[in-house]
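Values in this text are rule-based calculations from the coordinates and carry no lab data. Computed from a predicted structure; not experimentally measured. We place every Cβ from the backbone using ideal geometry, glycine too, and count neighbours over all the protein chains shown.
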Amino acid sequence: MTGSPVLRLEGITKRFGSFAANDDIMVELARGEVVALLGENGAGKTTLMNVLFGHYVPDAGRVLVDGRELPAGLPRAAIDAGVGMVHQHFTLALNLTVLENVMTGTESLLGWRSRTGPARDKLTSLAERFGLKVDLDARVGDLSVGEQQRVEILKALYNDARILILDEPTAVLTQPEAQRLFEILRVMAAEGLSLIFISHKLHEVLAAADRVVVLRAGRVVAERAAKDTSKNELAELMVGRRVSRPVRETGTPGEVMLTAEGVTVRVDGERRLVDLDFTLRAGETLGIIGVSGNGQTTLAHLVSGLVHADEGALTMFGVGRGRENPRRLVSLGIGRIPEDRNSEGMIGDFALWENAVLERVRQPRFSRFGFVRRDAAKAFCAGVIERFDVRGGTSDTRTRLLSGGNMQKLIFGRNLATAPKILLAAQPTRGLDEGAIAAVHEEILAARRAGTAVLLISEDLDEVLALADRVQAIVNGRLSDPVVADAIDARRLGLMMAGEWAKAA
């Protein structure tokens, strides 16, 4: 780093009770620099950025922008100093237009009229300057996830941000959207903006960052120039040990557990799944691979009982299950890892133990005569926390205080701890660090060895190739014929994702 830093985090310490999320952290950022903040789930990355932006008041330390100390706990002060933040889970009003979202909170309530003309001109200029193309009059709820993220970035730039924080910016993006985002970030850095982004994806860190700061257990343990390090070194720095992903062994599938024959599903009159055929056996993993938005969510909802087939037949355990409700399917032995942990997997204001038994609370193990057996539920939760290394609290901690990755581990653990007959794993490692990914993969392989039938829905080529015995691509709601995973590579799988099934076969 040359010259005075535009941002300096000095001795930041933040505790939640006896837990030190940040412990005497020092980080600096130069003008036009891109810094990646890397660490395990629960290492303190998001907490540190929330201190910087004023959402949290530190117990010790201070934040300086251009050498001036920011008052603690005041997001408005951070915004006025030129700091902008794009959260992992967007804070947009879906019923408003892009322009309305960006202008919200920027004008005095005492004004006679809204200055939409100058705002539109400024936004148009920013969008052209940084390549953030989006329809300013579009309703935000009608935009893709990638477009919504551009709106969040435009909101920060509209407030004259010179320092931009992005928390897990690619967690919900497709690969092309992620590549486009990092192109935009590079343009911003070239224009003099300074950027910090949090990520678990090591290839993105090496491709996009100038410098990498590694946190472990709330402390800075290393800094590296991106050009002078490697994925293996960064993974080891993150977790404090060498990380290697488990290898799938050859298995012998058992009886058929789940079949779909000619299944078509309509949502709001639109065909989301079209004439699906697949078979899943005990002790095997069927991988469904595809670009986001091609019907994966509807397929997961079908197997979970949240939607039903309009045509065709869905059979589980040899019996037609076309109209079963989700609770009934869970009781029959379906384990469900939803792709959206916040809206479908957890209730943030519930304690960890409540979320741990959320889908099974009516089972005799956890309730009797309509009353929850708290001791049993808390004991179950404690076992999940220990086995699956859920960090950031105890059984009584509010779930919203956990990092996204630790929420995912809790969801994963509450399902595998019950030894499901069928495990639906939709984007099971989204938001997880390298060490947690290896642990989750090992648990999936162990479940498969124990006879669980695993339906893996993922956008990660490497994950599908590593875990699946057979693979089918999903494109526009249609499935390709199954292909043995050992007979294909990433290039051919990419062709299948693009609909080139004949060429990939």
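Here are the numbers:
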| quantity | calculated |
| --- | --- |
| Long-range tail of P(r) for the stretch 448-505 (Cα pairs > 19 Å, %) | 23 percent |
| Gain upon complete extension [Ala313, Gln179; 0.36 nm per residue less C-alpha separation] | 44.3 nm |
| Rg and Dmax of the stretch 101-259, Cα atoms only, in Å | 21.0, 73 |
| Relative contact order %, the stretch 466-505, counting alpha carbon pairs below 8 Å whose residues are six or more apart | 35 percent |
| Cα-based convex hull, the stretch 28-95, per residue volume (Å³, whole number) | 129 Å³ |
| Among Leu332, Ala382, Gly392 - extreme Cα towards positive end, dipole of the stretch 289-430, charges at beta-carbon | Ala382 |
| Rg/Rh ratio calculated on Cα atoms of the stretch 423-466 (Kirkwood radius) | 0.93 |
| Likely footprinting exposure, Phe16, Phe412, fewest C-beta neighbours within 10 Å first | Phe16, Phe412 |
| Rel. contact order, % - alpha carbon contacts under 8 angstrom, at least six apart, the chain | 15 percent |
| Formal net charge of residues neighbouring Glu33 (Cβ-Cβ distance under 11 Å; K, R +1; D, E -1) | 0 |
| Placed amide H near Lys14: partners under 5 Å, 5+ positions off or other chain | Ala21, Asn22, Asp23, Asp24, Asp59 |
| Lysine pairs within the chain, Cα separation less than 19 Å, 8 or more sequence positions apart or different chains | 11 |
| Shape of the stretch 302-341, Cα gyration tensor, a/c cut at 1.5 | oblate |
| Gyration tensor (alpha-carbon) shape descriptor, the stretch 24-182, a/c threshold 1.5 | oblate |
| Assigned charges on the beta-carbon of Lys, Arg, Asp, Glu; the chain dipole about Cα centre (debye) | 1120 debye |
| Protection proxy ranking of 452-459, 24-31 - average other beta-carbon atoms within 10 Å, highest first | 452-459, 24-31 |
| Surface/4 estimate of mean projected area, convex hull on alpha-carbon atoms of the stretch 230-286, nm² | 7.8 nm² |
| Protection proxy ranking, peptides 470-480, 230-240, average beta carbon neighbours within 10 Å, highest first | 470-480, 230-240 |
| Helix-only [θ]222 nm of the chain, DSSP H runs n ≥ 4, -39500 (n - 2.57) each, per residue, nearest 500 | -9500 deg cm²/dmol |
| Sorted largest first, extent of the stretch 156-236 alpha carbons per principal axis (Å) | 38, 26, 23 |
| Length released on extending from Ala217 to Asp481, taking residue separation times 0.36 nm less the Cα-Cα span | 90.5 nm |
| Cα centroid separation, the stretch 332-361 to the stretch 383-400 (Å) | 13 Å |
| Label-point separation in nm, Asp66 to Asp228, each point 7 Å along Cα→Cβ | 3.0 nm |
